[in-house]
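A.B. asks: Got a structure for you, written out below as structure tokens; questions coming shortly.
The values are calculated or read from the model by the stated rules, or taken from the named source; none is laboratory data. Everything numeric in this text was worked out from a predicted model, so none of it was measured. Cβ placement follows ideal geometry from the backbone for every residue including glycine, while neighbour counts extend to all protein chains displayed.
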Amino acid sequence: MTSSGITPSTDDYQAWLPKVCDAAHKAGEQILEIYRCPECEIEKKADGSPVTIADKTADESIRLALAKLTPHIPVVSEENVESTPFSERQNWAVYWLVDPLDGTKEFIERTDEFCVNIALIVNQQPVLGVVYGPVLNVTYCAIAGQPATKTDQNKTRTIQVRKPIQQPIKVAVSRRHGTKVKAFQAALPDCQTVHMGSALKSCLVAEGVADVYPRFGPTSHWDTAASQVIVESAGGRIIDAQGHDLRYQPSASLLNPYFMVIGDAQFAWPAFPLPPKKTKS
């Protein structure tokens, strides 16, 4: 339920989706203005990860748009989570989950492979998702239970994952993937690497350009929620090591486990690597 005590309906999602896309596009335009600037100020967060003025500008733009669209639904974003303590959000049944600039490292390294992620979470599950790549000018979106779409070059089409798996198996990875992903690729009978950054990797699986995206490193809920709706609506899954779909249970850290984005759940995928052991502080 929302803060007003009302659970959104499918009709609500249908009415909201175009406006959420508009919010993502507006934020993307602001990101592009900064991206084209030869000098972009880069700061460090408390965890050492980079943040730019583009992250902050896009975040403010999206939160204002969502507040106008659904003033009764709170927003958690990568940039405001520190000011939204767990004690405040732990009982939220409905909320927006936003990554205003997914792929800040891609932005800094100027690979063009970054995106805006906006998702609606209802009872720990993502039900509406928009992923927009500003430089690539591509928008993926979906409502749970309905077809996923991709819009580029002013054309919108329905997308689906590729089944059954055909060789070579196409593996979506970033340009900084580590030894765990390399071992995963080595365990496949025949594979081809598809380089991409940010949540756009998941979207490649959704549209059948890639077959799998293995992620064996740290990610947060806002990195996956929007693309999960798109992947699932296209016939794929995002699963953890136990084979369960990712869920978005409120937590202090909002961290995901290791996961794989897969197009064909019947394929015998290599086993997940063991996560690093937790050490006492």
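A.B. asks: Return the only residue of K155, K180, K201, K150 being of a type in the set (K, R), in the same structural domain as C37 (by TED's automatic domain parsing) and within 25 Å of Q266 (Cβ to Cβ).
C.D. replies: K150
A.B. asks: Of everything in segment 52-80, what is more than 18 Å from L97 (Cβ to Cβ) and either of a type in the set (D, E) or touching a strand residue (DSSP E or B) at 6+ places or on another chain (Cβ under 7 Å) (or both)? Give them in sequence order.
C.D. replies: T52, A54
A.B. asks: If you go through segment 83-99 one residue at a time, how many are within 20 Å of Q124 (Cα to Cα) and free of Cβ contacts under 8 Å to residues at least 24 places away in the same chain?
C.D. replies: Residues meeting the conditions: 4.
A.B. asks: Looking at segment 234-260, which of its residues are closer than 17 Å to G178 by Cβ and buried (at least 19 other Cβ atoms within 10 Å of the Cβ)?
C.D. replies: N256, F259, M260, listed by residue number.
A.B. asks: H221 fails exactly one of the following numbered conditions: (1) under 21 Å from L136 (Cβ atoms); (2) surrounded by 23 or more Cβ atoms within 10 Å (Cβ to Cβ). What is the number of that condition?
C.D. replies: Against the list (1) under 21 Å from L136 (Cβ atoms); (2) surrounded by 23 or more Cβ atoms within 10 Å (Cβ to Cβ), H221 comes up short only on (1).
A.B. asks: Sticking with this structure for a sec: Tally time: how many residues in segment 27-54 are touching a helix residue (DSSP H, G or I) at 6+ places or on another chain (Cβ under 6 Å) and surrounded by 17 or more Cβ atoms within 10 Å (Cβ to Cβ)?
C.D. replies: 5
A.B. asks: Tell me which of these D102 doesn't satisfy, since it passes every other one: (1) closer than 29 Å to I6 by Cβ; (2) acidic (D, E); (3) touching a residue at least 60 places away in the same chain (Cβ under 8 Å).
C.D. replies: Failed condition: (1).
A.B. asks: What about I62, is it buried (at least 16 other Cβ atoms within 10 Å of the Cβ) and part of a strand (DSSP E or B)?
C.D. replies: So I62 does not fit the description; no.
A.B. asks: Which of the helices (runs of 4 or more DSSP H) contained wholly in segment 162-236 include at least 3 residues that are farther than 20 Å from P134 by Cα?
C.D. replies: In segment 162-236, the matching helices (runs of 4 or more DSSP H) lie at 179-186, 221-233.
A.B. asks: Looking for whichever is touching a strand residue (DSSP E or B) at 6+ places or on another chain (Cβ under 6 Å) and not acidic (D, E) here; the options are A241, A206. Which one fits?
C.D. replies: Just a single option satisfies the conditions, and that option is A206.
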